[in-house]
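The values are calculated or read from the model by the stated rules, or taken from the named source; none is laboratory data. Since we're looking at a predicted model, the values are computed, not measured. Positions of Cβ are backbone-derived with ideal geometry, glycine not excepted, and every protein chain shown enters the neighbour counts. To get the accessible areas, we keep the full protein, side chains included, count just its heavy atoms, and leave off ligands, DNA and RNA. Shrake-Rupley method; radii C 1.70, N 1.55, O 1.52, S 1.80 Å.
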Amino acid sequence: MTKSVLVTNRLFEEVLNPLQNRFEVQVFQQDEPMPRELFKQKVGDKTGLVAMSVDRVDKEIFDIAKSLKVVSTVSVGVDHIDIQTATKRGIMITNTPGVLTETTADLAFALMMAVARRIGEAERYIRSGKWKIPIYRRLLGTDVHDKTLGIIGFGRIGKAVAKRAGGFGMKILYYDIARADKAMESGLNARFVPLDELLSTADFVSLHVPLEKSTEKLMDQKNLQLMKHSAFLINTSRGKVIDEKALIRALRDKKIAAAALDVFEREPHLPRELIEMENIVLTPHIGSASYETRKKMAELAVENCALALEGKKPPCLLNPEVLKGKSDKIS
Ligand code: 8YV
(Lines give C-alpha, C1' and ligand atoms only; values in the text may rest on other atoms or scores of the structure.)
Protein backbone atom coordinates (compact mmCIF):
# COMPACT_ATOMS: atom_id res chain seq x y z
CA MET A 1 0.00 0.00 0.00
CA THR A 2 1.36 3.48 -0.87
CA LYS A 3 1.97 5.52 2.22
CA SER A 4 0.28 8.86 2.07
CA VAL A 5 0.74 11.94 4.22
CA LEU A 6 -1.47 14.93 4.94
CA VAL A 7 0.36 18.20 5.73
CA THR A 8 -2.09 20.75 7.12
CA ASN A 9 -0.01 23.85 6.31
CA ARG A 10 2.18 24.63 3.33
CA LEU A 11 5.27 25.09 5.53
CA PHE A 12 8.31 25.66 3.26
CA GLU A 13 8.36 23.99 -0.15
CA GLU A 14 12.00 22.86 -0.04
CA VAL A 15 11.48 21.32 3.39
CA LEU A 16 8.70 19.09 2.09
CA ASN A 17 10.85 17.56 -0.67
CA PRO A 18 12.19 14.59 1.34
CA LEU A 19 8.61 13.66 2.19
CA GLN A 20 7.33 14.19 -1.35
CA ASN A 21 10.16 12.06 -2.79
CA ARG A 22 9.21 9.06 -0.70
CA PHE A 23 5.47 9.24 -0.14
CA GLU A 24 2.27 10.51 -1.64
CA VAL A 25 1.84 13.91 0.01
CA GLN A 26 -1.22 16.13 0.14
CA VAL A 27 -0.55 19.66 1.38
CA PHE A 28 -3.15 22.19 2.47
CA GLN A 29 -1.72 25.03 0.42
CA GLN A 30 -2.59 27.88 2.74
CA ASP A 31 -1.06 29.71 5.66
CA GLU A 32 -4.28 29.66 7.63
CA PRO A 33 -5.56 26.69 9.67
CA MET A 34 -7.11 23.86 7.68
CA PRO A 35 -10.90 23.97 8.14
CA ARG A 36 -12.04 21.14 10.42
CA GLU A 37 -14.46 19.58 7.91
CA LEU A 38 -11.80 19.50 5.20
CA PHE A 39 -9.27 18.11 7.68
CA LYS A 40 -11.67 15.28 8.56
CA GLN A 41 -12.33 14.59 4.90
CA LYS A 42 -8.66 14.50 3.87
CA VAL A 43 -7.16 12.62 6.82
CA GLY A 44 -9.34 9.50 6.35
CA ASP A 45 -7.00 7.49 4.10
CA LYS A 46 -3.66 8.83 5.36
CA THR A 47 -0.84 6.92 7.06
CA GLY A 48 1.01 10.03 8.18
CA LEU A 49 -0.13 13.43 9.42
CA VAL A 50 2.02 16.55 9.75
CA ALA A 51 -0.13 18.85 11.87
CA MET A 52 0.07 22.30 13.40
CA SER A 53 -0.70 23.33 16.96
CA VAL A 54 -4.05 24.72 15.80
CA ASP A 55 -5.23 21.33 14.48
CA ARG A 56 -7.19 19.41 17.08
CA VAL A 57 -6.08 15.79 16.69
CA ASP A 58 -8.61 14.08 18.92
CA LYS A 59 -10.51 10.80 19.12
CA GLU A 60 -12.80 11.90 16.31
CA ILE A 61 -9.78 12.19 13.99
CA PHE A 62 -8.34 8.85 15.12
CA ASP A 63 -11.75 7.20 14.50
CA ILE A 64 -11.74 8.54 10.95
CA ALA A 65 -8.07 7.90 10.13
CA LYS A 66 -7.95 4.13 10.60
CA SER A 67 -4.58 3.66 8.84
CA LEU A 68 -2.75 6.45 10.68
CA LYS A 69 0.72 5.43 11.90
CA VAL A 70 2.19 8.78 12.94
CA VAL A 71 1.12 12.28 13.91
CA SER A 72 4.05 14.68 13.63
CA THR A 73 3.24 18.08 15.03
CA VAL A 74 5.18 21.20 14.02
CA SER A 75 5.29 22.43 17.62
CA VAL A 76 6.77 21.55 20.96
CA GLY A 77 3.36 21.77 22.67
CA VAL A 78 1.15 18.71 22.27
CA ASP A 79 -1.97 19.79 24.16
CA HIS A 80 -3.92 19.65 20.87
CA ILE A 81 -3.31 15.90 20.50
CA ASP A 82 -5.07 13.08 22.36
CA ILE A 83 -1.86 11.13 23.02
CA GLN A 84 -3.60 8.58 25.23
CA THR A 85 -5.96 7.45 22.46
CA ALA A 86 -3.12 7.53 19.91
CA THR A 87 -0.97 5.31 22.13
CA LYS A 88 -3.80 2.82 22.67
CA ARG A 89 -4.10 2.58 18.89
CA GLY A 90 -0.37 2.24 18.28
CA ILE A 91 -0.01 5.64 16.60
CA MET A 92 3.32 7.42 17.07
CA ILE A 93 3.25 11.04 18.24
CA THR A 94 6.22 13.30 17.64
CA ASN A 95 6.93 16.99 18.25
CA THR A 96 9.72 19.54 17.63
CA PRO A 97 11.45 20.35 20.93
CA GLY A 98 14.83 22.06 21.23
CA VAL A 99 14.93 23.90 17.91
CA LEU A 100 12.57 26.63 19.14
CA THR A 101 13.93 27.07 22.66
CA GLU A 102 16.14 30.14 22.14
CA THR A 103 13.70 31.87 19.78
CA THR A 104 10.82 31.51 22.23
CA ALA A 105 13.03 32.71 25.10
CA ASP A 106 13.96 35.74 22.97
CA LEU A 107 10.28 36.61 22.61
CA ALA A 108 9.57 36.15 26.32
CA PHE A 109 12.39 38.57 27.03
CA ALA A 110 11.27 40.98 24.32
CA LEU A 111 7.76 41.01 25.83
CA MET A 112 9.17 41.62 29.29
CA MET A 113 11.16 44.59 28.01
CA ALA A 114 8.23 45.87 25.96
CA VAL A 115 5.74 45.76 28.81
CA ALA A 116 8.14 47.22 31.38
CA ARG A 117 9.26 50.07 29.14
CA ARG A 118 5.78 50.60 27.61
CA ILE A 119 7.10 50.20 24.09
CA GLY A 120 3.68 49.45 22.57
CA GLU A 121 2.16 52.52 24.18
CA ALA A 122 5.13 54.65 23.17
CA GLU A 123 4.82 53.51 19.59
CA ARG A 124 1.10 54.22 19.56
CA TYR A 125 1.89 57.67 21.00
CA ILE A 126 4.05 58.55 17.99
CA ARG A 127 1.83 56.93 15.37
CA SER A 128 -1.26 58.73 16.65
CA GLY A 129 0.52 62.08 16.24
CA LYS A 130 0.56 62.90 19.97
CA TRP A 131 4.31 63.62 20.16
CA LYS A 132 4.43 67.37 19.75
CA ILE A 133 7.00 68.46 22.31
CA PRO A 134 9.87 66.69 24.12
CA ILE A 135 8.47 64.70 27.05
CA TYR A 136 10.04 64.16 30.45
CA ARG A 137 7.45 62.71 32.79
CA ARG A 138 5.28 60.79 30.34
CA LEU A 139 5.54 57.14 29.33
CA LEU A 140 7.66 56.37 32.34
CA GLY A 141 8.23 52.66 32.62
CA THR A 142 9.89 50.30 35.04
CA ASP A 143 13.48 49.07 35.01
CA VAL A 144 14.10 45.46 34.10
CA HIS A 145 17.78 45.28 35.11
CA ASP A 146 18.49 44.23 38.71
CA LYS A 147 14.85 43.22 39.31
CA THR A 148 13.52 39.82 40.41
CA LEU A 149 12.31 37.44 37.73
CA GLY A 150 10.07 34.51 38.69
CA ILE A 151 10.08 31.70 36.13
CA ILE A 152 7.25 29.19 36.37
CA GLY A 153 8.21 26.02 34.51
CA PHE A 154 11.95 25.46 34.43
CA GLY A 155 12.27 23.33 31.30
CA ARG A 156 14.33 24.19 28.25
CA ILE A 157 12.61 27.52 27.55
CA GLY A 158 12.41 28.59 31.20
CA LYS A 159 16.15 27.98 31.56
CA ALA A 160 16.91 29.89 28.33
CA VAL A 161 14.98 32.86 29.77
CA ALA A 162 17.03 32.59 32.99
CA LYS A 163 20.23 32.67 30.91
CA ARG A 164 19.15 35.99 29.37
CA ALA A 165 18.06 37.42 32.73
CA GLY A 166 21.54 36.82 34.13
CA GLY A 167 22.91 39.33 31.62
CA PHE A 168 20.51 41.92 33.01
CA GLY A 169 21.67 41.35 36.58
CA MET A 170 18.27 40.00 37.54
CA LYS A 171 17.67 37.88 40.62
CA ILE A 172 16.18 34.62 39.35
CA LEU A 173 13.60 32.56 41.20
CA TYR A 174 11.95 29.52 39.68
CA TYR A 175 9.22 27.06 40.42
CA ASP A 176 8.66 23.70 38.76
CA ILE A 177 7.18 20.36 39.80
CA ALA A 178 10.71 18.95 39.52
CA ARG A 179 13.66 20.79 41.00
CA ALA A 180 16.68 21.29 38.71
CA ASP A 181 19.99 19.84 39.77
CA LYS A 182 22.38 21.89 41.88
CA ALA A 183 24.87 22.47 39.04
CA MET A 184 22.12 23.86 36.81
CA GLU A 185 20.82 26.10 39.63
CA SER A 186 24.22 27.53 40.38
CA GLY A 187 25.17 27.84 36.68
CA LEU A 188 22.07 29.95 36.05
CA ASN A 189 22.12 31.59 39.45
CA ALA A 190 18.51 30.50 39.92
CA ARG A 191 16.86 29.69 43.23
CA PHE A 192 14.01 27.20 43.60
CA VAL A 193 11.12 28.59 45.67
CA PRO A 194 7.54 27.46 46.36
CA LEU A 195 5.01 28.92 43.91
CA ASP A 196 3.44 31.23 46.53
CA GLU A 197 6.80 32.73 47.40
CA LEU A 198 7.68 33.24 43.73
CA LEU A 199 4.38 34.98 43.03
CA SER A 200 4.60 37.27 46.02
CA THR A 201 8.21 38.36 45.51
CA ALA A 202 8.85 38.51 41.74
CA ASP A 203 8.72 41.80 39.83
CA PHE A 204 8.25 39.83 36.60
CA VAL A 205 6.51 36.45 36.37
CA SER A 206 7.11 34.50 33.16
CA LEU A 207 5.16 31.32 32.34
CA HIS A 208 6.88 28.35 30.66
CA VAL A 209 4.79 25.32 31.59
CA PRO A 210 3.14 22.93 29.12
CA LEU A 211 -0.67 22.99 29.10
CA GLU A 212 -1.89 19.97 31.05
CA LYS A 213 -4.74 19.30 33.47
CA SER A 214 -2.49 20.42 36.34
CA THR A 215 -1.49 23.71 34.68
CA GLU A 216 -4.85 24.74 33.21
CA LYS A 217 -5.81 28.08 34.80
CA LEU A 218 -2.73 27.87 37.01
CA MET A 219 -2.82 31.68 37.08
CA ASP A 220 -6.32 31.96 38.52
CA GLN A 221 -7.71 34.76 40.66
CA LYS A 222 -6.05 33.41 43.81
CA ASN A 223 -2.58 33.17 42.27
CA LEU A 224 -2.93 36.51 40.45
CA GLN A 225 -3.76 38.11 43.76
CA LEU A 226 -0.54 36.81 45.27
CA MET A 227 1.44 38.90 42.78
CA LYS A 228 2.72 42.32 43.78
CA HIS A 229 0.62 45.28 42.58
CA SER A 230 3.73 46.50 40.76
CA ALA A 231 4.42 43.13 39.06
CA PHE A 232 4.21 42.13 35.40
CA LEU A 233 2.95 38.82 33.97
CA ILE A 234 4.42 37.42 30.75
CA ASN A 235 2.93 34.43 28.93
CA THR A 236 4.52 32.67 25.96
CA SER A 237 3.32 29.16 26.93
CA ARG A 238 -0.38 28.49 26.36
CA GLY A 239 -3.32 30.84 26.86
CA LYS A 240 -5.28 28.39 28.97
CA VAL A 241 -2.58 28.49 31.67
CA ILE A 242 -4.14 31.83 32.68
CA ASP A 243 -7.76 32.38 33.67
CA GLU A 244 -8.26 35.21 31.16
CA LYS A 245 -11.33 36.65 32.92
CA ALA A 246 -9.45 36.78 36.23
CA LEU A 247 -6.51 38.43 34.47
CA ILE A 248 -8.75 41.09 32.94
CA ARG A 249 -10.13 41.87 36.41
CA ALA A 250 -6.64 41.97 37.91
CA LEU A 251 -5.42 44.39 35.23
CA ARG A 252 -8.54 46.55 35.40
CA ASP A 253 -8.42 46.78 39.20
CA LYS A 254 -4.64 47.39 39.14
CA LYS A 255 -3.97 44.25 41.20
CA ILE A 256 -0.96 43.78 38.94
CA ALA A 257 0.81 46.42 36.87
CA ALA A 258 0.57 44.98 33.38
CA ALA A 259 0.78 41.84 31.25
CA ALA A 260 2.43 40.78 28.01
CA LEU A 261 0.73 37.93 26.23
CA ASP A 262 1.63 35.93 23.14
CA VAL A 263 -0.99 33.23 23.72
CA PHE A 264 -4.69 33.31 24.53
CA GLU A 265 -7.51 31.07 25.73
CA ARG A 266 -9.38 31.00 22.40
CA GLU A 267 -6.94 32.00 19.65
CA PRO A 268 -7.40 33.92 17.45
CA HIS A 269 -10.37 35.34 19.40
CA LEU A 270 -9.42 37.83 22.08
CA PRO A 271 -11.81 39.38 24.56
CA ARG A 272 -12.43 43.04 23.71
CA GLU A 273 -11.22 44.11 27.16
CA LEU A 274 -7.73 42.76 26.47
CA ILE A 275 -7.49 44.64 23.19
CA GLU A 276 -8.72 47.89 24.71
CA MET A 277 -6.53 47.98 27.81
CA GLU A 278 -3.36 50.07 27.65
CA ASN A 279 -1.40 48.16 30.29
CA ILE A 280 -0.99 45.09 28.14
CA VAL A 281 1.27 44.05 25.26
CA LEU A 282 -0.24 41.60 22.78
CA THR A 283 1.38 39.45 20.09
CA PRO A 284 -0.35 36.79 17.94
CA HIS A 285 1.36 33.54 19.08
CA ILE A 286 4.74 34.30 17.50
CA GLY A 287 6.99 32.66 20.12
CA SER A 288 8.79 30.45 17.61
CA ALA A 289 8.21 32.71 14.61
CA SER A 290 11.66 33.50 13.30
CA TYR A 291 12.41 32.38 9.78
CA GLU A 292 15.32 30.19 10.91
CA THR A 293 13.38 28.47 13.65
CA ARG A 294 10.16 27.89 11.75
CA LYS A 295 12.27 26.25 9.03
CA LYS A 296 14.05 24.02 11.55
CA MET A 297 10.71 23.03 13.10
CA ALA A 298 9.33 22.05 9.70
CA GLU A 299 12.49 20.06 8.87
CA LEU A 300 12.33 18.19 12.17
CA ALA A 301 8.61 17.46 11.78
CA VAL A 302 9.21 16.12 8.26
CA GLU A 303 12.10 13.95 9.49
CA ASN A 304 9.98 12.60 12.36
CA CYS A 305 7.17 11.71 9.99
CA ALA A 306 9.37 10.16 7.28
CA LEU A 307 11.34 7.97 9.71
CA ALA A 308 8.19 6.76 11.42
CA LEU A 309 6.64 5.79 8.09
CA GLU A 310 9.83 3.96 7.13
CA GLY A 311 9.52 1.86 10.28
CA LYS A 312 12.37 3.60 12.08
CA LYS A 313 12.29 5.32 15.46
CA PRO A 314 11.80 9.07 14.94
CA PRO A 315 14.07 11.33 17.04
CA CYS A 316 11.28 13.09 18.92
CA LEU A 317 8.95 10.20 19.68
CA LEU A 318 6.73 11.00 22.67
CA ASN A 319 5.07 7.62 23.12
CA PRO A 320 7.81 5.00 22.61
CA GLU A 321 5.55 2.40 24.22
CA VAL A 322 3.80 2.01 20.85
CA LEU A 323 7.00 0.40 19.54
CA LYS A 324 7.02 -2.40 22.12
CA GLY A 325 7.17 -5.72 20.33
CA LYS A 326 8.28 -4.09 17.09
CA SER A 327 11.94 -3.80 18.10
CA ASP A 328 13.20 -5.89 15.16
CA LYS A 329 11.81 -3.38 12.70
CA ILE A 330 12.82 -0.26 14.57
CA SER A 331 16.45 0.82 14.56
C1 8YV B 1 3.37 26.81 17.29
C2 8YV B 1 3.98 26.57 19.61
O3 8YV B 1 3.53 25.47 17.23
O4 8YV B 1 5.72 24.98 19.45
C5 8YV B 1 4.69 25.32 20.01
O6 8YV B 1 4.19 24.66 20.94
O7 8YV B 1 3.11 27.00 20.27
C8 8YV B 1 4.32 27.30 18.35
O9 8YV B 1 5.65 27.16 18.03
C10 8YV B 1 3.58 27.38 15.94
O11 8YV B 1 2.68 28.40 15.83
C12 8YV B 1 3.35 26.42 14.80
O13 8YV B 1 2.13 25.73 14.89
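Miscellaneous remarks
- Accessible solvent surface per residue of the chain, calculated while the other protein chains remain in place, 1.4 angstrom probe, Å²: 51 Å²
- Difference of contour (0.36 nm per residue) and Cα-Cα distance, residue 277 to residue 123: 53.9 nm
- Cα-Cα P(r), the stretch 131-196, percent of pairs per 5 Å interval: 4, 17, 25, 18, 11, 6, 6, 6, 5, 3, 1
- If you plug the beta carbon distance of residue 324 and residue 32 into 1/(1 + (r/R0)^6) with R0 = 30 Å, you get a FRET efficiency near 0.20.
- Spin-label zone in the stretch 218-236 - amide nitrogen under 13 Å from a point set 7 Å from the Cα of residue 254 along the C-beta vector: 229-231
- Here the chain carries DSSP beta bridges of which approximately 5% are antiparallel, counting only pairs with both residues inside.
- Each other residue within a Cβ distance under 11 Å of residue 22 adds +1 if Lys or Arg and -1 if Asp or Glu, for a net charge of -1.
- Within the accessible area of the stretch 101-282 (1.4 Å probe), percent carbon and sulfur: 54 percent
- Share of carbon and sulfur in the accessible heavy-atom surface of the stretch 1-73 [1.4 Å probe, %]: 46 percent
- Normalised by 2.2 N^0.38 Å, where N is the number of residues, the C-alpha radius of gyration of the stretch 143-284 stands at 0.99.
- Per-residue SASA entry for residue 8, accessible area with 1.4 Å probe, Å² rounded to 10: 0 Å²
- When the Cα atoms of the chain are aligned to their principal axes, the ranges along those axes come out at 71, 49, 33 Å in descending order.
- Most positive-pole-ward Cα, 234, 172, 194, against dipole of the stretch 164-237 from beta carbon charges: 172
- Between residue 291 and residue 267, the modelled labels are 2.2 nm apart [label points 7 Å from Cα along Cα→Cβ].
- At full extension, residue 312 and residue 138 could sit 56.6 nm farther apart than now, given 0.36 nm per residue minus the alpha carbon distance.
- The Cα center of the stretch 248-311 and the Cα center of the stretch 160-212 differ in position by 21 Å.
- Dividing the summed -39500 (n - 2.57) terms of all DSSP H runs of n ≥ 4 by the residue count of the chain sets its mean residue ellipticity at 222 nm at -10500 deg cm²/dmol.
- Each Lys and Arg contributes +1 and each Asp and Glu -1, all at the Cβ; summed about the Cα centre of the stretch 101-282, the dipole is approximately 520 debye.
- When the Cα convex hull of the stretch 51-192 is projected onto planes of every orientation, the mean area is 12.6 nm².
- Label zone at residue 189, where the point sits 7 Å out along the Cα-to-Cβ direction: the stretch 119-146 residues whose backbone N lies under 18 Å: 143-146
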